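Structure first, then comments.
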Amino acid sequence: MGLPMSDPTAWATAMNNLGMAPMGMTGQPLLPDFDPALGMMTGIPPINPMMPGLGIVPPPIPPDMPAVKEIIHCKSCTLFPPNPHLPPPATRERPPGCKTVFVGGLPENGTEQIIMEVFEQCGEVIAIRKSKKNFCHIRFAEEFMVDKALYLSGYRIRLGSSTDKKDTGRLHVDFAQARDDLYEWECKQRMLAREERHRRRLEEERFHPPSPPPVVHYSDHECSIVAEKLKDDTKFSEAVQTLLTWIERGEVNRRTANNFYSMIQSANSHIRRLVNEKAAHEKEMEEAKEKFKLALSGILVQFEQIVAVYHSASKQKAWDHFTKAQRKNISVWCKQAEEIRNIHNDELMGIRREEEMEMSDEEIEDPSEMKETDESALVSQVEALKEENDSLRWQLDAYRNEVELLKQEHGKASRDEDTTKEQQLKLLQQALQGMQQHLLKVQDEYKKREAELEKVKEDKLKIEALLETLKEQQSVANEEDKERDVTDGQGNESSMPRVCACSQEKECPVEKTLSNSPVKSEREALLVGKAF
């Protein structure tokens, strides 16, 4: 049929939906059998997105072009697209792992064969659960097939060519929540979690250090092997680990004690070797330090020479002959060289300070100096503080002289030199203030030490006075003991009648004197009796 083409845009729309570039059409149709009213060719089944090999979801369409759905022809029914101007059908939230769809609006005369015919083009259908009413549930094999089925939502279905109400309906396709889908989704998630844990475990094990080899059990043969390894310096670590494991396991008993003692003795023989190795390494370190210190001092000497060159170039007789840019570069270079020199100088001073501290630590650890008394230690500290005080005063005088020289040179220098000299003056003033503060601290500490020394001397005098009094008391006590022994031996006979006579007479003068005198001890009583 060669009908004239009434709608030249129909073919372009169909080609656009299939993802093909539309061809321009003037007046004559390209194909003689094309029916523009039906949108298909006679004798050829229509091309629609439900065909196998073509996705239900059309290719991405530009946002300015509206999506156009086509008529879908099946053997027993026909699907007509919805009005493109109407809003898309509403759907519920998609459940996890959804493979089941709800299909409503089916014709009353629709059967499972018709439903299968329509939806099997979306993918493999596992089960159809049809209700007595006009809806059903369809379960697909894969999740992406659900998206193809949702594409049919809103289509009007008509069975055959009948226009009966029972043979027509409007499809409503939506996500459905099924326990089987949820169970399969959970199983898949657990499987993915297991795979992830396995992958992480493999990654962690790859970075873990290898496990140490197992230690063999004790036997006489293994004991002889370990004893030979202990004598070898290269295999000593492995043999010592085996020996330690055997001892911790409790392999030592009366029968094996001699073997273990010999192995322990072999391990002990390595101490001298280790000490010698440590001494050799320390010697190498000291040599390296000395070498570094010498190299650093040589570098500092060269820095001083370079800085002296800059300073000589900055003097008036040479400075006037340079251009402004050259002067700026020279001043920048001089500043950088001085900063680097100061950094290296601080480093060298730090090394020397560490060496002095190490030497002082060694002197403190000397047992001969540990025997000094507290007084001598305080005296030595006071002398050291005096020396430090004198050195600080000398440094302070030197800084003052430098400041005065800088002030004198500052009056003669030009404007370009003013900035550098002012900076140097500020630095020297700051250093002077720091030295003054340090000097005040040293003087305070010196006064404290002198006070401590005076206190120690006073304590020493008090202790000596106490010792003299104790010696006098001791000598008096010894004389009293001797006198008591003599009186006990000679005057036993004369003392008894005196005591009796005194007891018979009521108003004896000796008794009165004894009762009135403050006698506090037996020794004083004997002395009183001896006096009478």
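Measure up K460/K482; K386/K407; K335/K407; K289/K441; K441/K462; K386/K462 against 23 Å on the Cα-Cα distance and list the ones that go over.
Working: K460/K482 33 Å; K386/K407 31 Å; K335/K407 20 Å; K289/K441 33 Å; K441/K462 32 Å; K386/K462 28 Å.
Correct reply: K460/K482; K386/K407; K289/K441; K441/K462; K386/K462.
Taking amide H as placed 1.01 Å from N in the peptide plane, G169 has its amide H under 5 Å from the amide H of I157, each at least 5 places away in sequence or on another chain. Per residue, segment 72-152 exposes an accessible area of 53 Å² to a 1.4 Å probe, with every protein chain left in place. The fraction of all Cα pairs in segment 174-257 landing in successive 10 Å bins from 0 to the largest distance is 14, 25, 14, 13, 12, 10, 8, 4, 0, given as whole percents. Any idea how far the Cα center of segment 140-172 sits from the one of segment 278-298, in Å? Segment 140-172 and segment 278-298 have Cα centres separated by 92 Å. Computed extension length for A127-N389: 84.0 nm, one decimal, from 0.36 nm per residue of separation with the Cα-Cα distance subtracted. The HN-Hα couplings worked out from phi for segment 224-241 by the Karplus form 6.51 cos²θ - 1.76 cosθ + 1.60 (θ = phi - 60°) are 5, 5, 5, 4, 5, 5, 5, 7, 8, 5, 6, 9, 5, 4, 5, 5, 5, 5 Hz, whole numbers, x standing for Gly and Pro.
The Rg/Rh ratio of segment 246-293, with Rg taken over Cα atoms and Rh as the Kirkwood radius over Cα pairs, comes to 1.40.
The equivalent ellipsoid that matches the C-alpha gyration tensor of segment 101-153 spans semi-axes of 18, 11, 10 angstrom, in descending order.
Projected label points at R200 and K289, each 7 Å from Cα along the beta carbon direction, are separated by 4.9 nanometres. Between segment 72-93 and segment 300-351, the C-alpha centres lie 89 angstrom from each other.
Restricted to Cα atoms, segment 144-221 shows a radius of gyration and a Dmax of 30.1, 104 angstrom. Restricting the calculation to Cα atoms, segment 222-341 shows an Rg/Rh of 1.59 when the hydrodynamic-style radius is the Kirkwood one.
The values are calculated or read from the model by the stated rules, or taken from the named source; none is laboratory data. Because the structure is predicted, anything quoted here is derived from the model rather than measured. Neighbour counts run over all protein chains shown; Cβ positions are idealised from the backbone, glycine included. Surface accessibility is based on the protein's heavy atoms, side chains included, excluding ligands, DNA and RNA. Shrake-Rupley method; radii C 1.70, N 1.55, O 1.52, S 1.80 Å.
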